[in-house]
Amino acid sequence: MSNTSIKMSKYQGLGNDYLVLDPNKNKTQLVGKRISLLCKRGFGIGADGILYGPILDGDKISVKIFNPDGSETAASGNGIRIFAKYLMDQQYVTSRNFTVYTDNGPLHVESLNDRGTECKVEMGKATFVSTEIPVTGEEREVVNEPFLFHDQLYNATCTSVGNPHCVIMMENVSKETVKDLGPYVENAPQFPNRMNLQIIKVIDRANIQMEIYERGAGYTLASGTGSCAAAAVARRLGLVDKKVNVHQPGGTIEIETMEDGTMYMIGSVEFIADLSVAEEFLS
């Protein structure tokens with residue numbers, strides 16, 4: 001048996017935990033079964049996903065983002081903040097302002113302190129156009145539209161902020177409700193690429209309460225892209241102002257929407273540990 005090991009780092013952003021696997025420090029190939037094994041709580045290390053990077057091409061820094069089931073996703077708000085702190089911790093970047101490239105394009109990051117524990121990320125714009133999310137049927141904006149999930153009718157607004165989200169307004173927002181409804185929304189036939197679910201309650205024009213069920217991950221304590229989706233939907237429905245705090249079980253993420261629709265996300269990140277994983281564990 002080989003005694004070689006894989007070096008990884010673990011971080012969390014508002015209870016959303018990720019493993020960073022740096023290809024510059026490891027030779028291991030990342031495949032679906034290995035990802036799901038590493039992320040599986042009780043059997044592996046346990047995580048809400050893996051950040052594979054930095055992938056370096058001259059001055060360009062890229063990252064690939066994987067869900068705990070091994071599938072790849074184009075965007076993760078908490079993941080990008082975690083990756084930004086990793087880049088600062090490992091001195092891949094020396095400026096507080098830098099750009100990270102994802103499958104959803106470039107994301108501009110500003111660290112609000114020298115330690116990278118609080119970051120502001122430009123998250124792009126939300127789209128409500130069905131073909132861009134995607135949602136089946138004729139091309140339209142999917143705003144306050146009736147959907148049948150789990151034999152019950154819900155008015156939902158769907159949006160993409162680099163990954164797809166279904167947002168449902170509810171009077172009572174709970175972990176139990178989102179865990180019960182989430183699997184039906186994630187795998188509903190109207191959503192060919194599967195779907196993230198947020199159930200939200202607008203408290204006032206500056207505050208939203210949210211619970212999350214993520215495709216490929218399940219119940220989640222916090223979500224950066226989910227916060228963007230919730231803020232975008234509430235703003236589209238005229239219920240909040242341009243700056244809104246999205247309260248979720250892991251903590252609060254602040255979303256600010258510019259006049260042109262560009263969203264900025266501010267949230268905290270913490271380093272947990274550097275880890276050495278036995279290669280034979282993944283063989």
Completion exercise
Compactness check, region 1-128: C-alpha Rg relative to the 2.2 N^0.38 Å globular estimate gives 1.04
Problem - Relative packing of peptides 223-231, 48-56, 248-256, 260-268 - highest average C-beta neighbours within 10 Å first - result: 223-231, 48-56, 248-256, 260-268
Exercise for the section: Give the Cα extents of region 35-87 along the principal axes, in whole Å, largest first. Expected result: 38, 19, 16
Exercise for the section: Determine the percent antiparallel among the DSSP beta bridges restricted to region 127-260, to the nearest 5. Expected result: 80
Exercise for the section: Quote the relative contact order of region 127-260 in percent (integer), defining contacts as alpha-carbon pairs under 8 Å separated by 6+ residues. Expected result: 18
Exercise for the section: Determine the gain in length on full extension of the stretch Thr99-Asp69; use 0.36 nm per residue of separation and subtract their C-alpha separation, reporting nm with one decimal. Expected result: 8.1 nm
Exercise for the section: Name the residues whose placed amide hydrogens come within less than 5 Å of the amide hydrogen of Leu112, ignoring near sequence neighbours (fewer than 5 apart) on the same chain. Expected result: Glu118, Cys119, Lys120
Practice task
Multiply the residue gap between Arg205 and His108 by 0.36 nm, knock off their C-alpha separation, and tell me the result in nm, one decimal place.
Solution key: 32.2 nm
Problem - Quotient of C-alpha Rg and 2.2 N^0.38 Å, computed over region 127-260 - result: 0.95
Exercise for the section: Express as a percent, rounded to the nearest 5, the fraction of DSSP beta bridges in the chain (both residues included) that run antiparallel. Expected result: 85
Practice task
Work out, step by step, the length gained on full extension between Val129 and Ser283: first 0.36 nm times the residue separation, then minus their alpha carbon distance; give nm to one decimal.
Solution key: 51.1 nm
Problem - Spacing of the two label points (7 Å from each Cα toward its C-beta) at Leu275 and Leu153, in nm - result: 4.6
Problem - Percent RCO, i.e. relative contact order, over the chain, from Cα pairs under 8 Å lying at least 6 residues apart - result: 21
Practice task
State the answer as a single residue: which of Pro189, Pro106, Cys119 lies farthest towards the positive end of the charge dipole of region 104-205, with beta carbon charges of +1 for Lys and Arg and -1 for Asp and Glu, about the Cα centre.
Solution key: Cys119
Fill in the blank from the handout: Summing -39500 (n - 2.57) over every DSSP H run of at least 4 in the chain, dividing by its residue total and rounding to the nearest 500, the 222 nm mean residue ellipticity is -5000 deg cm²/dmol
Exercise for the section: In whole Å, largest first, what are the principal axis extents of the Cα atoms in the chain? Expected result: 55, 39, 32
Exercise for the section: Report P(r) for region 183-283: all Cα-Cα distances, bin width 10 Å, range 0 to the bin holding the largest distance, values in whole percent. Expected result: 15, 37, 29, 14, 5, 1
Handout entry: Lys, Arg +1 and Asp, Glu -1 on Cβ, resulting dipole of the chain about Cα centre, debye, nearest 20
Key = 520
Problem - Extreme residue, positive dipole direction of region 108-165, given options Gly162, Pro146, Val129 (C-beta unit charges) - result: Gly162
Practice task
Would you kindly calculate the translational diffusion coefficient of region 138-203, applying Stokes-Einstein with the Kirkwood radius from alpha carbon pairs, for 20 °C and a viscosity of 1.002 mPa s, and quote it in µm² s⁻¹ without decimals?
Solution key: 175
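Values quoted throughout were computed directly from the atomic coordinates according to the rules given, and no laboratory measurement underlies them. None of these values were measured; they are calculated from a predicted model. Cβ atoms come from the backbone with ideal geometry, glycine included; neighbour counts cover every protein chain shown.
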